[in-house]
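Down below is the structure, laid out as structure tokens.
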Amino acid sequence: SPQIEGSKENVQPLVGGRDVKKLTKQLKSLQCNPTSNTVSIFEEGCREWEAKLDTECPEDPIATWDEYIKWAQQQATSDKVSNLVVPILQRCCRKFQKDERYKNDPRYLRIWIKYVDTVADPTDIFNFLEANGIGQGLALFYTSWALVLELKKNDFTEAYTKLEEGINKRAQPLDKLQAALKQFQHRMNQ
Amino acid sequence: STLADSMGMGQTNKPHKILTLQADAPKPPEGHLNSQRVLYTQNKVSDMKKKVSMRYIPQAPEKILDAPELMDDYYLNLLDWSSTNILAVALSQTVYLWNASTGSIEELCTTQGEDDYITSVAWVQDGNYIGVGTNNQEVQIWDVGGMRQIRTMKGHRGRVSSLAWNSHILSSGSRDSSIIHHDVRIAQHVTARLEGAHTQEVCGLKWSCNGQQLASGGNDNILNVWDMGQTTPRHQICHHQAAVKALAWCPHQANLLASGGGTADRKICFWNTTTGALLQEVDTNSQVCSLMWSKHEKEILSSHGFTQNQLTLWKYPSMVKVAELTGHQSRVLHLACSPDGNTVVSGAADETLRFWKVFGNDSSKLDKSK
Amino acid sequence: MRQAQAAKNTITLKGSTEIVTEFFGYSINSILYQRGIYPPESFAKVNKYGLQMLVTNDSGLQKYLQQVLTQLSEWLYAGNVQKLVLVITSLETQQVLERWNFDIETEKDAVEQPEKEFEKSERDIMNEIQAIIRQITASVTFLPLLQDACTFDLLVYTDSNVEVPQTWEESDPKYINNQQEVRLRSFSTKVHKVDAMVAYKADDM
């Protein structure tokens with residue numbers, strides 16, 4: 001990890017954490033070829049994944065997308081490259097938005113939430129998901145929206161409404177949603 | 001080490017018991033939300049502090065220049081504006097000079113080796129010479145009038161990430177964790193080697209406006225303040241929780257220094273460098289890449305990365321936000337100011353330079369002095 | 001720094017035990033703060049090791065840590081601690097999310113002759129400790145966000161002949177399924193050597 005510590009300001013934190021072996025390898029190769037173009041290296045990797053998208057796993061196409069996105073996020077240590085992950089997230093979100101199979105697939109909603117994390121104001125995205133019935137059976141939809149309403153918008157009434165709505169719809173896992181509501185109420189009482 | 005050898009490394013296989021207190025550790029308060037969240041998302045905690053606008057500040061840059069291959073490396077210092085109105089920018093292997101008066105662009109120099117690149121640039125005060133640091137451990141001096149290299153100064157054992165002039169002294173900070181003072185007039189140019197005060201890359205280096213003190217910041221999270229002529233720091237400040245690259249001496253007050261911290265810190269701190277006292281501290285919620293005082297007002301501009309890539313103008317000492325300028329698509333690594341103090345240029349990892357009329361101008365003050 | 005230079009350059013078992021115990025106190029506090037386990041406002045800034053450290057203000061947590069550290073210190077002096085592990089667990093799912101592992105080696109001679117002096121300056125030890133604390137802070141570059149509310153446990157690996165104290169009990173090792181590992185720096189007092197490592201759950205990679 002000396003490579004990692006020596007470059008700590010050049011690596012963007014990632015919600016899911018980083019694969020340290022891949023990160024160390026990347027930083028080493030950047031140290032050997034400091035002027036190498038990280039964007040074109042990334043785009044080259046993307047082309048390999050793009051070729052796999054329609055061929056690998058045709059019965060469950062989102063599985064390959066999911067792997068592709070995970071790869072892309074690990075690859076994107078700088079914001080210059082992570083800017084390029086956003087259109088991949090958008091494409092994946094758009095591609096399956098009418099696909100009934102994935103309406104309540106946690107993998108699909110997680111990809112939406114990753115997209116949500118990249119925008120300054122995700123209100124429209126949550127409204128879109130609601131209107132199109134995406135992720136409406138999943139606790140993650142309500143907890144994510146409630147958190148944005150609470151932390152970003154300071155709209156506590158609406159945050160409460162969202163959590164309650166999820167519980168009424170018996171979104172899964174329900175206990176996670178109930179716990180989130182309880183925690184939220186504790187914060188409001190302080 | 002001898003201890004490890006004598007003990008053997010098979011520690012974990014030794015027979016052992018795993019013991020823990022019967023009592024549980026206290027739980028966090030009900031409803032506790034991890035405050036580290038701010039590091040990971042664009043949807044960060046809202047900033048409720050109101051911005052106050054005291055005067056008109058254009059929200060858009062007045063000019064944008066392409067800066068292809070500007071390296072996305074936090075630790076480098078690749079942008080500087082001379083007193084003769086020439087902006088120097090290092091793009092990977094080449095230093096370009098943009099004449100802000102005429103708009104002409106010239107190529108000053110290119111590194112020799114295939115994987116070499118420029119790691120820092122700094123103009124001498126009167127603007128005739130420029131110091132150039134490289135990854136192959138060199139400090140070069142270029143005569144800009146003649147567009148030729150005057151000398152190469154060696155001494156570092158790592159890339160030269162930061163440079164700062166104090167009349168004929170050029171100080172250089174390196175990944176080898178040392179700072180060297182070079183007297184550029186003499187053959188034996190190394191007049192002092194400051195070692196041991198930093199343990200990692202020295203990425204921030206600035207002489208105070210009167211040349212009496214030097215501030216250095218490193219990836220070891222340490223800020224050192226040196227008195228001129230000394231080889232141990234007057235103050236060693238271990239306050240930031242991340243690398244210290246952004247440094248700016250206040251032009252209105254000789255012993256006032258601003259420093260900014262990296263990703264794990266995100267704070268701007270103000271120091272009295274005579275006493276070492278912390279005067280003021282503000283959490284910016286994002287990596288601080290660069291700081292620049294206004295020559296006209298008690299205001300300071302900060303540039304940021306991870307995650308909004310914004311420039312923020314603050315009133316000092318209230319630290320009220322005067323303006324927030326967005327537009328860069330990637331983090332804003334460097335700031336430089338025009339000699340008249342009116343225009344700031346920001347260099348970002350999105351490979352553009354943007355010029356902002358953020359500091360207003362000093363015409364009103366000039367009128368008064370007439 | 002100038003003061004440290006004048007400080008003594010030898011160390012005994014007792015001195016080493018104090019330094020190592022104190023190190024664990026500060027590093028545990030530092031991890032709990034950096035990982036957001038408790039609210040940041042429940043920590044106070046103190047200067048230690050030439051760094052700004054954060055230490056909990058919560059009396060319950062202080063008492064808990066004191067209990068563990070007092071016992072740990074006894075075991076360190078007796079030379080029968082093999083490692084200390086800080087385990088971070090999700091309160092919601094009870095899953096182990098992170099495991100900060102500190103391997104401890106003790107010089108046998110020191111335990112047999114507690115008065116024996118070993119040569120190592122306080123300043124060198126402090127510099128090594130500084131480097132570890134800095135790595136703990138920098139670990140945000142690779143560690144995930146702990147989204148759930150979490151709690152923690154301290155596990156002490158002792159030699160198997162150690163008697164279990166009254167308020168203590170035996171525990172399972174609380175390993176992580178599917179983990180990533182990062183080795184951090186180590187420090188040595190010449191009496192004790194501490195190797196640090198962090199392991200974390202690698203789910204969404």
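The values are calculated or read from the model by the stated rules, or taken from the named source; none is laboratory data. The structure displayed is predicted, hence computed values, not measured ones. Using ideal geometry, Cβ is built from the backbone for each residue, glycine included, and neighbour counts are taken over all protein chains shown. We work out accessible area using only protein heavy atoms, side chains counted, and drop any ligands, DNA or RNA first. Shrake-Rupley method; radii C 1.70, N 1.55, O 1.52, S 1.80 Å.
Taking region B:163-263 and the strands (runs of 3 or more DSSP E) fully enclosed by it, the elements with 1 or more residues that are open to solvent by 30 Å² or more (accessible area, probe 1.4 Å) are at B:169-174, B:190-194, B:202-207, B:223-227, B:235-237. Note on region C:176-205: residues that are more than 11 Å from chain A (Cβ to nearest Cβ) and of a type in the set (Val, Ile, Thr) amount to 4.
Considering only region A:11-22, state which residues are over 18 Å from B:Gln36 (Cα atoms) and more than 7 Å from chain C (Cβ to nearest Cβ). Break it down into steps so the answer makes sense when it comes.
The first filter runs over region A:11-22 and keeps only residues over 18 Å from B:Gln36 (Cα atoms), leaving A:19-22.
Answer for region A:11-22, where residues must be over 18 Å from B:Gln36 (Cα atoms) and more than 7 Å from chain C (Cβ to nearest Cβ): A:Lys21, A:Lys22.
Hey, any hits in region B:5-25 for a residue that's within 14 Å of chain A (Cβ to nearest Cβ) and either modelled with pLDDT of 80 or more or under 30 Å from B:Gly218 (Cβ atoms) (or both)? Walk me through how you get there before you give the answer.
The initial filter retains those residues of region B:5-25 that are within 14 Å of chain A (Cβ to nearest Cβ), namely none.
Checked against the condition, which is being within 14 Å of chain A (Cβ to nearest Cβ) and either modelled with pLDDT of 80 or more or under 30 Å from B:Gly218 (Cβ atoms) (or both), region B:5-25 yields no hits at all.
Confirm whether C:Arg123 is closer than 30 Å to B:Thr263 by Cβ, in a helix (DSSP H, G or I) and at the interface with another protein chain (Cβ under 7 Å from one of its Cβ atoms). No. Residues that are assigned to a strand (DSSP E or B) and touching a Phe, Trp or Tyr at 6+ places or on another chain (Cβ under 6 Å) were ranked within region B:279-293; the one that is nearest to B:Gly218 (Cα to Cα) is B:Gln287. Which residue pairs have Cβ atoms under 7 Å apart, sit 6 or more places apart or on different chains, and have a first residue in region B:116-143 that is part of a strand (DSSP E or B) and a second that is of a type in the set (Asp, Glu)? Taking only residues 6 or more apart or on different chains, the pairs are B:Val121/B:Asp80; B:Ala122/B:Asp80; B:Trp123/B:Asp80; B:Tyr129/B:Asp143; B:Thr134/B:Asp116.
So, of the residues in region B:278-303 that are in contact with a His (Cβ under 7 Å, 6 or more places away or on another chain) and aliphatic (A, V, I, L, M), which turns out to be least open to solvent (accessible area, probe 1.4 Å)?
Here is the first cut: in region B:278-303, the residues in contact with a His (Cβ under 7 Å, 6 or more places away or on another chain) are B:278, B:284, B:286-290, B:298.
Still in the list and also aliphatic (A, V, I, L, M): B:278, B:288.
Working: B:Leu278: 69, B:Val288: 0 Å².
Step by step, filter region B:278-303, then rank; the result is B:Val288.
Only one of the numbered conditions (1) at the interface with another protein chain (Cβ under 10 Å from one of its Cβ atoms); (2) in a helix (DSSP H, G or I); (3) among the charged types (D, E, K, R) is violated by C:Glu128, and that is (1). Among strands (runs of 3 or more DSSP E) entirely within region C:139-205, having at least 1 residues that are buried (at least 18 other Cβ atoms within 10 Å of the Cβ) and among the β-branched types (Val, Ile, Thr) singles out C:150-159, C:179-188, C:192-201. Under the condition of being open to solvent by 10 Å² or more (accessible area, probe 1.4 Å), modelled with pLDDT of 95 or more and among the aliphatic types (A, V, I, L, M), the residues counted in region C:82-110 number 2. Tell me, which residue of region B:329-342 that is open to solvent by 10 Å² or more (accessible area, probe 1.4 Å) and more than 18 Å from B:Asn77 (Cβ to Cβ) is nearest to the other protein chains (Cβ to nearest Cβ)? Of everything passing the filter in region B:329-342, B:Gln329 is nearest to the other protein chains (Cβ to nearest Cβ). The strands (runs of 3 or more DSSP E) found entirely in region C:20-108 that carry 1 or more residues being touching a helix residue (DSSP H, G or I) at 6+ places or on another chain (Cβ under 6 Å) and touching a residue at least 40 places away in the same chain (Cβ under 8 Å) are C:51-56, C:81-90, C:96-106. One residue stands out in region A:33-49 among those that are under 30 Å from B:Gln93 (Cβ atoms) and surrounded by 14 or more Cβ atoms within 10 Å (Cβ to Cβ): the one that is farthest from the other protein chains (Cβ to nearest Cβ), namely A:Cys46.
To keep it simple, each residue is scored yes or no on (1) hydroxyl-bearing (Ser, Thr, Tyr); (2) within 20 Å of A:Gly137 (Cβ to Cβ); (3) open to solvent by 80 Å² or more (accessible area, probe 1.4 Å); (4) within 14 Å of chain B (Cβ to nearest Cβ).
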residue: A:Lys152; (1), (2), (3), (4): no, no, no, yes
residue: A:Asp155; (1), (2), (3), (4): no, no, no, yes
residue: A:Leu163; (1), (2), (3), (4): no, yes, no, yes
residue: A:Arg170; (1), (2), (3), (4): no, yes, yes, no
residue: A:Gln183; (1), (2), (3), (4): no, no, no, yes
residue: A:Arg187; (1), (2), (3), (4): no, no, no, yes
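Do the conditions hold for B:Ser330, that is, is it of a type outside the set (A, V, I, L, M), farther than 20 Å from B:Ala100 by Cβ and modelled with pLDDT under 90? Considered against the rule, which asks whether it is of a type outside the set (A, V, I, L, M), farther than 20 Å from B:Ala100 by Cβ and modelled with pLDDT under 90, B:Ser330 comes out as no.
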